[in-house]
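Any read-out appearing in this document is the output of simple, stated calculations on the displayed coordinates, not a laboratory observation. All values reported here derive from a predicted model rather than from experimental measurement. Please note: Cβ atoms are built from the backbone with ideal geometry, for glycine as well, and neighbour counts cover all protein chains shown.
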Amino acid sequence: MMAWSKEERVRELARLVGISIAPEEETEVADRFESLMKELEYLVSLDLAAIEPVPIFPEEP
């Protein structure tokens, strides 16, 4: 199986979720998506075992 270009990957993801991306925006969207994925990979690699969760919604009195 041949590897997809980042633009092909974005086109396929857009098709799967039912959104359209203008051809002239594909490269920018692909670059942003690639950057986001790198940041997520970094976050997954962090050791957060000692971090206490913070409640998003405080308990009601």
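Scan the range 1-47 for residues that are outside any helix (DSSP H, G or I) and surrounded by 10 or more Cβ atoms within 10 Å (Cβ to Cβ) and jot them down.
The answer is 4, 5, 21.
When you look at residue 30, is it of a type in the set (Gly, Ala, Ser) and under 15 Å from the mean Cα position of the chain (by Cα), yes or no?
For residue 30, the condition - of a type in the set (Gly, Ala, Ser) and under 15 Å from the mean Cα position of the chain (by Cα) - is met.
Which members of the range 5-61 meet the condition of being touching a residue at least 24 places away in the same chain (Cβ under 8 Å), out of contact with any Lys or Arg (no Cβ under 7 Å at 6 or more places or on another chain) and of a type in the set (Asp, Glu)?
Scanning the range 5-61 gives a single hit, 31.
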